[in-house]
Amino acid sequence: MRTHLRRPGAAALLLAAVLTVSGCSSGQDEDTSAKASPAASESGLSAAERVEQELDEDSEQEGEKDTEDAKDAAGESPAPSAKPEAPESVRPDAELTPATGSFTKDEKEYLSGRVPESVEPAAVLDLGKETCQRIERTAKRDQDAVVSALIRGELTDPEEAVTHLCPEQKPVLEAAKGGYPDGTHKDPTAGTYRTLDAGSGCTWSVTGADGKALAVGPEGGAKEGQEHKVTIPGGAASFTSADCGAWARG
């Protein structure tokens, strides 16, 4: 895995709770609810939650279609469907208008190609703004925490949100680029990496093309929150870690 910033759907809701707790401890310093658009207050869900729900439903439909296609390719007959559904199309740019007022140029660029026809553009915009607010709020208190969240892919479309809605947070995105979350990564990029939020059971190994271990750690065991470093040599075949959280360059 070369690019380590992902675009999750449901995972963003989990991080939303975690980062909101870390960000809301100060209580009164955020005015997120005041900024949310009227379209985002229906059904008792926040704009982010409603849009996540819409997009997750679309993803499930697309996943079911991919499974059917795979069965066709393998010569299997797909399960009968009484009412096949096509993925929902997105609103054309000409229809990206709010109920009142207007969107800025950057807001329109963020919304372009990403608003399902059944969702109000303002609700999708609120989702991007919430991503920016979580990045900014958490970075003020603990930059490593938000870099770790970005590496793990726990924020919704952070690159697009930062690029168009909060470009001042680009240094945080840059710090997360090239990092690795826990798991096994083939053909890792050579360099030195450090943990950001390692657990007490953190372990890692770097394996060469011949299957032999090139690096194993940590020496002497790990402690909760302890920072670890690993140097991955050129030509390594894989890098594996567990309970180390996220690894950032440097």
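Any read-out appearing in this document is the output of simple, stated calculations on the displayed coordinates, not a laboratory observation. The shown structure was predicted, so the numbers you read here are calculated from the model rather than taken from an experiment.
Details
- Looking at segment 131-242, the pairs of alpha carbons with a distance over 19 Å make up 49% of the total.
- For segment 123-134, 3J(HN,Hα) computed residue by residue from phi via the Karplus equation (6.51, -1.76, 1.60; θ = phi - 60°) reads 5, 5, 4, 4, 4, x, 5, 5, 4, 4, 5, 5 Hz, glycine and proline entered as x.
- Percentage relative contact order, segment 131-220, counting C-alpha pairs under 8 Å, at least six apart: 23
- Sequentially through segment 189-205, phi angles give Karplus couplings (6.51, -1.76, 1.60; θ = phi - 60°) of 6, 5, x, 9, 10, 10, 7, 10, 7, 5, x, 6, x, 4, 9, 8, 8 Hz, Gly and Pro residues having no value and appearing as x.
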